[in-house]
Amino acid sequence: MQFEPALHILADRDLRVPRSDLHMTVQGDAVSVRAGLGRLMGSAPLMRLSPDCRGTVEIVMAEVLNNIVEHAYRAGPGPIRIAVQSNAARLTVSVCDQGQEMPQGEVPQGLLAPLGAQEDLPEGGFGWHLIRELTDELLYERRGLFNHLRFSISAEFEDEGPIVSHFE
Amino acid sequence: MDLIAEDCGDYLLIRALGDRIDAAGAIGFKDKMRELAQTDHPRVVLDMSRVAFLDSSGLGAIVAAMKGLGAHRKLEILSLTPTVEKVFRLTRMDTIFTIHTELSEGLRNAV
């Protein structure tokens, strides 16, 4: 019983002041998104990930940001705020924009179109499929004029940290 | 996206020189592919060994380039880097395109 108050305070503090490893704002157009992705992938929390995990993060972030540019901000660009928190097991990413709401107020299903004859192959509709395949806990909320998207990605780190030799 | 074409006899080899095919470059890629592929080669092989990143817009542009060749010509892919391979696999486009791992006799003789 004596631990309960302490745990409660800890949980409460975590909720009010979420620790965030990285905050970034990107302008919502395709060229700025490319540059922003470059900055994001070069940031400290993401540099430590394994190459495979970095690839996953870059695919997901590109699709999420491009979707905002193409749909939420189709009437004209605006800011996109990104926050990344990481721990030993996962990255949690929050992305916020002030563009149009998602259709029906929810994240699209991202079902792939059937792949048939060459002339009928789909040239789009891959984005949400990729996001859903590569993320967990995908949540969308419209709050006032803002879209909030949150998801997590399993984190895998480089096998070796910085090499510090004690034998030289 | 810089692309260069090389006549290899029974196929046209197009090398992608840039390191990404993404939303900002997809239209330029599609236009350049259309321009370079105006040959009589029945097969066009796109060398993607230098492309480290592809997003869904870039993938759409590659599909559009294949469709632009018409029903009797094929677009094949040479050498996917790991992240690009993941995008092909998850969208099942790896089942649509013939993907070669290296420029070899096999590629020269493939039908």
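The values are calculated or read from the model by the stated rules, or taken from the named source; none is laboratory data. Everything numeric in this text was worked out from a predicted model, so none of it was measured. Backbone-built Cβ (ideal geometry, glycine too); neighbour counts: all protein chains shown. Ligands, DNA and RNA are stripped out before the accessible areas are found, and what is left, the full protein with its side chains, is counted by its heavy atoms. Shrake-Rupley method; radii C 1.70, N 1.55, O 1.52, S 1.80 Å.
For this structure, a couple of remarks:
- Interatomic Cα distance distribution for segment A:19-168, bins of 10 angstrom, percent: 10, 38, 32, 13, 4, 2, 0
- In this label model, B:HIS72 and A:ALA88 are separated by 6.4 nm, measuring between points 7 Å along each Cα→Cβ vector.
- Once both labels are positioned 7 Å from their Cα atoms along Cα-to-Cβ, the gap between B:ASP7 and B:ILE27 label points is 3.3 nm.
- Extension gain for A:GLU137 to A:GLN98 (0.36 nm times residue separation, less C-alpha to C-alpha distance): 11.9 nm.
- Share antiparallel - DSSP beta bridges, segment B:3-109, percent rounded to 5: 25
- Using a probe of 1.4 Å on the protein chains alone, the accessible area found for A:VAL69 is around 30 Å².
- Here's how it looks for A:LEU22: its modeled amide H is under 5 Å from those of A:VAL84, which are all 5 or more places away or on a different chain.
- Using Cβ point charges alone (K and R +1, D and E -1), the dipole size of segment B:3-109 about the Cα centre works out to roughly 320 debye.
- Rounded to 5, the percent of DSSP beta bridges in the protein assembly as shown classed as antiparallel: 70
- Only Lys, Arg (+1) and Asp, Glu (-1) charged, at Cβ; the protein assembly as shown dipole about Cα centre in debye: 620
- Two-site label geometry, B:THR98 and B:ASP19: point separation in nm, points 7 Å out along Cα→Cβ: 3.2
- Förster radius 45 Å - calculated FRET efficiency between A:ASP52 and A:LEU145, Cβ distance, rounded to 0.05: 0.75
- Between segment A:115-144 and segment A:35-108, the Cα center-to-center distance that results, in Å: 14
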